[in-house]
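Engineer: Sharing a structure, written as structure tokens. Questions coming.
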Amino acid sequence: MAVYRLCVTTGPYLKAGTLDNISVTLVGTCGESPKQRLDRMGRDLAPGSVQKYKVRCSAELGELLLLRVHKERYAFFRKDSWYCSRICVTEPDGTVSHFPCYQWIEGYCTVELRPGTARTVCQDSLPLLLDHRTRELRARQECYRWKIYAPGFPHIVDVSSFQEMESDKKFALTKTTTCVDQDDSSGNRYLPGFPMKIDIPSLLYMEPNIRYSATKTASLLFNAIPASLGMKLRGLLDRKGSWKKLDDMRNIFWCHKTFMTKYVTEHWREDHFFGYQYLNGVNPIMLHCISSLPSKLPVTNDMVAPLLGQSTCLQTELERGNIFLADYWILAEAPTHCLNDRPQYVAAPLCLLWLSPQGALVPLAIQLSQTPGPDSPIFLPTDSDWDWLLAKTWVRNSEFLVHENNTHFLCTHLLCEAFAMATLRQLPLCHPIYKLLLPHTRYTLQVNTIARATLLNPEGLVDQVTSIGRQGLLYLMSTGLAHFTYTNFCLPDSLRARGVLAIPNYYYRDDGLKIWAAIERGPWAPTRMSTSQRRAQGEASLPSRAAWPRSRGTSRSGTRALSCPTPTWTLPSSRTASPSNHPQIPPKKKERCKHEEEQFLRVLQTLPFSLFSVRLNLLVCTWGPLQPRWL
């Protein structure tokens, strides 16, 4: 008689426990155990509990390959979800095998868990494990389907494909309620007292393992509701007219004051602060160093001579690499719409900036359209104060549109969603890259669904508060995506292409390059390998590797969907840290982590070096510090 000891951990989340019957079956190389119900005196599987059980077998099972978790009805009680964190199995000889789960198990079903050690397909030789990988991916591809949101738009998750998965669906990441289609306008309705519509049904249903936890949902509501009510009470949401004077806008910021808000309030009109925002503001990727002026911006030396001084001229500064251009060409054909029955306008400015000998970046000239001529004057710092301030205000308005729609929402949210979807559809739970990415892409699909239900929906917030509206937003994103290149994802290449490697006080560049260097020098960084070397090692034909980075998916209409490099994690870093200060695995942990590290390095070597670094670096610049899971 062989006795296997199980230690079952239930997650500490709200309603993580279950009243359903939970049974397990151990599967080894020499056979499998009888189905054993996990039942003790008192309450089993309560939230946050760690409980021990025994599974008795007539003989030892050999190396454990799978652990089947059976979830079945208990008496007359209704279905009860269960969040299983992990199950540890101690074999008769004392060997401990860890079976991580970390997911909600819904309905009545059987979930098959594999040991926690990451494995690629080339490391699975047993037909049982190969078949398990295939069935798992097939089930998830049926659950997570691509959807075409708009022409030229990155493809998104089709939330209407989340269907109830009963016992015939063997793998978790399941759903209990069918979701309303994102395009179903019947659910797009006004909230009482608020001037924009929200697609409420699409917010109510989401696959449990990718939706917000109860605590995160409470935190979101705790921050969003007071802010919305505050704007409502101050009349900002319902305002239909213009401000009478600039000081009226101070009423918007009467609460949540900080040192930064005070500084911006006092200095926002200054040219030095205007230029500084291009380096360390919300969108520090617009500047391009130019050696000659474009024909669409006919600035002459006489125009800018009063600012440059007598010791230099425009041509000299161009040759020295001190002239920069912010070009908002993408807004030239952007459609506009009407707000409060008034037509709205948008500018596509060209902003010329100069790096002064003091190291300050200041604006030299502004043209508010892409076509020079009598109807498109060039504004200069020597113009009247109000004319110059108005020109800079139009530039900031264009900056807002490009940043929020393309730099932030497109590049941070939607492209990450494409990669998160490819990960879910093409990599099994045991794959090392899946283990690496999942903690950092868990909420990507949920937050994007919220954005589409509140911002991008017809008559939503974008339609109510921006000059371009929803149609203009879709235009900007589709146009931006069409002109997106792989260089945009690689921080060193992007900085070099824009010619901003030497500009001073550029903290976005300084911090980003330090983190990039830490990633390249870290113990997990892959080495460069030629295709022949990878083929010689038998890695070039990995199905999951081939499918995942290139996964484009197929929507129901058969159109290919976009997949782009997505970030994974960042490392702790301070502004004063040097590249050599990146975290290292402590010596005592190296031996313990050696096997897992080899697994990671082996699969990472099958990926192009820069591709993996890109995915890490994008998160570096957008999502804040996260620790690698195995440190």
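Engineer: Quick one: residue 449 ticks every box in (1) under 24 Å from residue 145 (Cβ atoms); (2) more than 22 Å from the chain's Cα centre (by Cα) except a single one, so which number is it?
Structural biologist: (2)
Engineer: Moving on. Within segment 255-262, is there a residue that is surrounded by 16 or more Cβ atoms within 10 Å (Cβ to Cβ), touching a helix residue (DSSP H, G or I) at 6+ places or on another chain (Cβ under 8 Å) and β-branched (Val, Ile, Thr)?
Structural biologist: So far as segment 255-262 goes, no, none of its residues is surrounded by 16 or more Cβ atoms within 10 Å (Cβ to Cβ), touching a helix residue (DSSP H, G or I) at 6+ places or on another chain (Cβ under 8 Å) and β-branched (Val, Ile, Thr).
Engineer: From the set of residues in segment 372-403 that are farther than 16 Å from residue 329 by Cα and of a type in the set (Asp, Glu), which is nearest to the chain's Cα centre (by Cα)?
Structural biologist: 387
Engineer: What are the pairs, 6+ residues apart or on separate chains, where a residue within segment 200-227 that is within 15 Å of residue 81 (Cβ to Cβ) has its Cβ under 7 Å from a residue that is modelled with pLDDT under 75 and aromatic (Phe, Trp, Tyr)?
Structural biologist: Pairs that qualify, where the first residue is within 15 Å of residue 81 (Cβ to Cβ) and the partner is modelled with pLDDT under 75 and aromatic (Phe, Trp, Tyr), are 205/162; 207/162.
Engineer: Further, regarding this structure: Find the residue count for segment 264-307, including only residues that are of a type in the set (A, V, I, L, M), within 20 Å of residue 389 (Cβ to Cβ), assigned to a helix (DSSP H, G or I) and in contact (Cβ under 8 Å) with a residue 60 or more places away in the chain.
Structural biologist: Final tally of qualifying residues: 3.
Engineer: In addition: Within 23 Å of residue 458 (Cα to Cα), of a type in the set (A, V, I, L, M) and modelled with pLDDT of 75 or more: which single residue out of 210, 198 fits that description?
Structural biologist: 198
Engineer: With respect to residue 429, determine if the residue is more than 20 Å from residue 403 (Cβ to Cβ), outside any helix (DSSP H, G or I), touching a helix residue (DSSP H, G or I) at 6+ places or on another chain (Cβ under 9 Å) and without any contact (Cβ under 8 Å) to a residue 12 or more places away in the chain.
Structural biologist: So residue 429 does not fit the description; no.
Engineer: Right, here's the next one. Considering only segment 308-325, I want to know if a residue exists there that is under 19 Å from residue 390 (Cβ atoms), out of contact with any Lys or Arg (no Cβ under 9 Å at 6 or more places or on another chain), at pLDDT 95 or above and not in a helix (DSSP H, G or I).
Structural biologist: no
Engineer: In addition: Go through segment 131-147 and give me each residue that's under 31 Å from the mean Cα position of the chain (by Cα) and either without any contact (Cβ under 8 Å) to a residue 60 or more places away in the chain or in a loop (DSSP other than H, G, I, E, B) (or both).
Structural biologist: Correct list: 134, 135, 138, 139, 142, 144, 145.
Engineer: Could I ask something else about it? Here are 90, 117: which of them is touching a helix residue (DSSP H, G or I) at 6+ places or on another chain (Cβ under 8 Å) and touching a residue at least 40 places away in the same chain (Cβ under 8 Å)?
Structural biologist: Step by step, each of 90, 117 is checked, and only 117 is touching a helix residue (DSSP H, G or I) at 6+ places or on another chain (Cβ under 8 Å) and touching a residue at least 40 places away in the same chain (Cβ under 8 Å).
Engineer: With respect to the numbered conditions (1) surrounded by fewer than 19 Cβ atoms within 10 Å (Cβ to Cβ); (2) touching a strand residue (DSSP E or B) at 6+ places or on another chain (Cβ under 9 Å); (3) not β-branched (Val, Ile, Thr), which one is the sole condition not fulfilled by residue 65?
Structural biologist: Residue 65 satisfies all of (1) surrounded by fewer than 19 Cβ atoms within 10 Å (Cβ to Cβ); (2) touching a strand residue (DSSP E or B) at 6+ places or on another chain (Cβ under 9 Å); (3) not β-branched (Val, Ile, Thr) except (1).
Engineer: Restricting to segment 321-362, name every residue that is over 30 Å from the mean Cα position of the chain (by Cα), surrounded by 14 or more Cβ atoms within 10 Å (Cβ to Cβ) and polar (S, T, N, Q).
Structural biologist: Within segment 321-362, 322, 344, 356 meet the criteria.
Engineer: Among the residues of segment 463-506, which ones are part of a helix (DSSP H, G or I) and over 30 Å from residue 346 (Cβ atoms)?
Structural biologist: Selection gives 492, 493, 496.
Engineer: Going through segment 268-288 one residue at a time, which ones are crowded, with 19+ Cβ neighbours inside 10 Å and either in contact with a Lys or Arg (Cβ under 7 Å, 6 or more places away or on another chain) or among the small types (Gly, Ala, Ser) (or both)?
Structural biologist: Of everything in segment 268-288, those that are crowded, with 19+ Cβ neighbours inside 10 Å and either in contact with a Lys or Arg (Cβ under 7 Å, 6 or more places away or on another chain) or among the small types (Gly, Ala, Ser) (or both) turn out to be 274, 275, 287.
Engineer: Enumerate the strands (runs of 3 or more DSSP E) found wholly within segment 23-121, keeping only those where 2 or more residues are of a type in the set (Lys, Arg).
Structural biologist: 50-57, 64-72
Engineer: Follow-up. Could you say which residue among 372, 298 is loosely packed, with under 15 Cβ neighbours inside 10 Å and out of contact with any helix residue (DSSP H, G or I) (no Cβ under 9 Å at 6 or more places or on another chain)?
Structural biologist: The unique qualifying residue is 298.
The values are calculated or read from the model by the stated rules, or taken from the named source; none is laboratory data. This is a predicted model, so every value here is computed, not measured. Using ideal geometry, Cβ is built from the backbone for each residue, glycine included, and neighbour counts are taken over all protein chains shown.
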